[in-house]
Each structure stands twice: as C-alpha cells, then as structure tokens.
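Single-structure report; data block below.
Bear in mind these aren't lab numbers, they're just calculated from the coordinates by the rules spelled out. Values in this document were obtained by computation on a predicted structure and should not be read as measured data. In this analysis, Cβ positions are derived from the backbone assuming ideal geometry, glycine residues included, and neighbour counts consider all displayed protein chains.
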Amino acid sequence: MIVTGRKIAKDFINEFSEAENSIEALLFEMKKASWSTPNELKSQYRSASIIGAGCVVFNICGNKYRLVAKIEYESKIVRIRWAGRHKEYEKLKLKETKCLSSN
C-alpha cells in the first residue's frame with residue numbers, strides 16, 4: 001500500500017513518544033500490506049473498526065490512542081487522517097470530517 005499523511009503520524013509521535021514503536025510498526029505493516037477489501041484488513045487487524053466510506057480506526061497502545069485512516073482499496077492507498085488520544089477521538093465526527101474527502 002502507498003501510505004500518505006505520515007506527517008500526521010510524525011507529529012503524533014513528537015507529542016506522544018511512548019507510542020512511537022506502535023505507530024512505526026503500524027506504518028511498516030501498512031506499507032507491506034495489499035488489502036483489497038475491508039475483510040482482508042480485518043483478518044490482519046481484528047481490533048480495527050471499519051466505520052464506512054473507507055474509514056478505519058486503528059487502536060494504538062492498548063486503545064489509549066487511535067489512528068484514523070481512509071483506505072482506497074482499489075488504488076492501494078492508505079491516507080492517514082488523524083492520530084490522537086482516545087478521549088479526543090470520541091469528539092470527532094469522522095464521516096463528516098476526517099474520512100469524507102479523498103484528499
């Protein structure tokens with residue numbers, strides 16, 4: 001997969017350094033992946049939440065943090081949209097904001 005939005009992940013790591021290894025491992029695995037469907041992603045990441053419109057929420061550090069990505073399965077692109085604390089995640093309106101556009 002092609003992974004875009006790495007700056008979001010890097011900014012997150014700068015703020016929450018304890019999550020660095022988890023984020024770096026996730027980015028590495030995303031790059032290696034070749035998901036064609038949400039079911040293929042779920043077979044690798046059982047705790048990921050598929051919330052529609054290509055939007056996926058990954059749990060980081062035992063669900064202390066979350067990473068939101070929009071995945072375009074046909075073009076093999078993962079667009080990182082947001083990363084932060086779980087409590088901040090609950091305030092997001094993902095379908096209306098982070099996962100609406102394809103940019």
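With the cut-off at 23 Å, tell me which of the pairs LYS10/LYS32; LYS70/LYS91; LYS7/LYS42; LYS7/LYS31 have Cα atoms farther apart than that.
Correct reply: LYS7/LYS42.
Every cysteine in the chain with no other Cys Cβ under 4.7 Å from its Cβ, please list them in numeric order.
Cysteines of the chain left without a disulfide-compatible partner: CYS61.
What span do the alpha-carbon atoms of the chain cover on each of the three principal axes, reported in whole Å from largest to smallest?
Result for the chain: principal-axis Cα extents of 33, 29, 24 Å.
If amide H atoms are built 1.01 Å from N in the plane of the peptide, which residues on other chains or at least 5 residues away come under 5 Å of the amide H of ARG81?
The answer is VAL68, ALA69, LYS70.
Between rounded, prolate and oblate, where does segment 27-78 land on the alpha carbon gyration tensor, with a ≥ b ≥ c its root eigenvalues, rounded for a/c under 1.5, else prolate if a/b exceeds b/c? Show your work: numbers first, answer last.
On the way: a/c = 1.69, a/b = 1.45, b/c = 1.16.
In terms of gyration-tensor shape, prolate.
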